[in-house]
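Chemist: Pasting a structure below so you can have a look.
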């Protein structure tokens with residue numbers, strides 16, 4: 001498995017953008033990194049490279065916001081569902097053809113874009129959310145394991161609860177962290193983590209973390225609506241590239 005300079009540059013740019021988004025919103029880095037890497041390389045490698053950054057960056061956010069996390073039953077039901085779903089999704093990742101995985105990434109990003117544009121700002125009460133938290137966690141985990149993108153389920157679910165930022169961030173961080181823990185042993189067992197990918201993944205983590213303060217600055221100095229529109233436009237171009245390359 002080799003990476004040419006253009007591919008490596010594209011991956012690092014993706015992580016810079018992903019770090020900016022994560023710094024601004026507390027989540028969402030994979031919605032940038034996965035489709036960008038998939039557009040220049042392939043979807044399977046995109047998912048694998050994101051496992052280590054997902055684990056390390058979310059550990060830091062869990063610690064930072066540990067005092068405002070949602071009740072343990074909700075948080076760990078969500079995370080356990082995500083972990084089980086991630087294991088199932090990882091088996092799909094290993095066994096499905098690359099072209100199917102690439103189209104899956106494109107399709108999930110399209111769903112995410114549509115949800116961001118057309119879904120009304122309805123609110124899901126905590127009591128109702130508790131009844132479906134494990135199911136939603138599992139569904140998001142399957143998407144995360146197979147395509148690296150749980151956002152259409154996980155982030156949409158938490159956003160519908162209208163959580164405060166300091167509640168949203170630690171809850172989604174526990175979720176992403178547990179999914180990474182479930183993914184890593186399976187991928188390692190099937191020899192998908194070699195030295196080259198591990199080093200690139202660790203270096204990408206540094207890039208991701210380095211750009212998170214820039215995202216925090218954007219959150220303070222740019223309206224959320226403008227920032228969201230920029231991200232959606234960028235994602236639209238990336239999806240078109242993935243579809244074009246795989247037809």
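The values are calculated or read from the model by the stated rules, or taken from the named source; none is laboratory data. Bear in mind the structure is a predicted one, so any value in this text is a computation, not a measurement. So basically every Cβ, Gly included, is an ideal-geometry build from the backbone, and we count neighbours across all protein chains shown.
Chemist: Tell me which residues, restricted to segment 138-152, are farther than 23 Å from residue 219 by Cα and outside any loop (DSSP other than H, G, I, E, B).
Modeler: Just the residues of segment 138-152 that are farther than 23 Å from residue 219 by Cα, to begin with: 138-148.
Correct list: 138, 139, 140, 141, 142, 143, 144, 145, 146, 147.
This table checks each residue for (1) over 13 Å from the mean Cα position of the chain (by Cα); (2) more than 15 Å from residue 235 (Cβ to Cβ).
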{"site": "9", "(1), (2)": "yes, yes"}
{"site": "13", "(1), (2)": "yes, no"}
{"site": "19", "(1), (2)": "no, yes"}
{"site": "31", "(1), (2)": "no, no"}
{"site": "44", "(1), (2)": "yes, yes"}
{"site": "51", "(1), (2)": "no, yes"}
{"site": "61", "(1), (2)": "yes, yes"}
{"site": "74", "(1), (2)": "yes, yes"}
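Chemist: On the basis of being outside any loop (DSSP other than H, G, I, E, B), without any contact (Cβ under 8 Å) to a residue 24 or more places away in the chain, under 28 Å from residue 184 (Cβ atoms) and out of contact with any strand residue (DSSP E or B) (no Cβ under 8 Å at 6 or more places or on another chain), does residue 114 make the cut? Talk me through it step by step, then tell me what you get.
Modeler: On the way: outside any loop (DSSP other than H, G, I, E, B): yes; without any contact (Cβ under 8 Å) to a residue 24 or more places away in the chain: yes; under 28 Å from residue 184 (Cβ atoms): no; out of contact with any strand residue (DSSP E or B) (no Cβ under 8 Å at 6 or more places or on another chain): yes.
Judged against the criteria, residue 114 is not a match.
Chemist: Just a yes or no: is a residue in segment 72-90 loosely packed, with under 15 Cβ neighbours inside 10 Å, part of a helix (DSSP H, G or I) and modelled with pLDDT under 90?
Modeler: Looking through segment 72-90, none of the residues is loosely packed, with under 15 Cβ neighbours inside 10 Å, part of a helix (DSSP H, G or I) and modelled with pLDDT under 90.
Chemist: On the given criteria, is residue 18 part of a helix (DSSP H, G or I), buried (at least 24 other Cβ atoms within 10 Å of the Cβ) and in contact with a helix residue (DSSP H, G or I) (Cβ under 6 Å, 6 or more places away or on another chain)? Let's see the steps before the verdict.
Modeler: Details: part of a helix (DSSP H, G or I): yes; buried (at least 24 other Cβ atoms within 10 Å of the Cβ): yes; in contact with a helix residue (DSSP H, G or I) (Cβ under 6 Å, 6 or more places away or on another chain): yes.
Yes, satisfied.
Chemist: Can you say whether residue 135 is over 28 Å from residue 42 (Cβ atoms), out of contact with any helix residue (DSSP H, G or I) (no Cβ under 6 Å at 6 or more places or on another chain) and assigned to a helix (DSSP H, G or I), as far as the supplied structure shows?
Modeler: Details: over 28 Å from residue 42 (Cβ atoms): yes; out of contact with any helix residue (DSSP H, G or I) (no Cβ under 6 Å at 6 or more places or on another chain): yes; assigned to a helix (DSSP H, G or I): yes.
It is true that residue 135 is over 28 Å from residue 42 (Cβ atoms), out of contact with any helix residue (DSSP H, G or I) (no Cβ under 6 Å at 6 or more places or on another chain) and assigned to a helix (DSSP H, G or I).
Chemist: Given the residues 166, 159, 191, which is the only one that is under 20 Å from residue 87 (Cα atoms), at pLDDT below 90 and either part of a helix (DSSP H, G or I) or more than 14 Å from the chain's Cα centre (by Cα) (or both)? So that I can check it myself, show each step before the final result.
Modeler: Numbers: 166 fails: under 20 Å from residue 87 (Cα atoms); 159 fails: under 20 Å from residue 87 (Cα atoms).
Being under 20 Å from residue 87 (Cα atoms), at pLDDT below 90 and either part of a helix (DSSP H, G or I) or more than 14 Å from the chain's Cα centre (by Cα) (or both) holds for just one of 166, 159, 191, which is 191.
Chemist: Among what's in segment 217-227 and is part of a helix (DSSP H, G or I) and surrounded by fewer than 16 Cβ atoms within 10 Å (Cβ to Cβ), pick the residue that is farthest from the chain's Cα centre (by Cα).
Modeler: Applying the first criterion (part of a helix (DSSP H, G or I)) to segment 217-227 yields 217-221, 224-227.
If we keep only those that are surrounded by fewer than 16 Cβ atoms within 10 Å (Cβ to Cβ) too, we end up with 217, 220-221, 224-226.
Working: 217: 21, 220: 23, 221: 24, 224: 19, 225: 20, 226: 21 Å.
Per the stated criteria, the residue is 221.
Chemist: Quick check on residue 214: is it at pLDDT 85 or above, over 18 Å from the mean Cα position of the chain (by Cα) and farther than 20 Å from residue 49 by Cβ?
Modeler: Working: at pLDDT 85 or above: yes; over 18 Å from the mean Cα position of the chain (by Cα): yes; farther than 20 Å from residue 49 by Cβ: yes.
Spelling it out, residue 214 is indeed at pLDDT 85 or above, over 18 Å from the mean Cα position of the chain (by Cα) and farther than 20 Å from residue 49 by Cβ.
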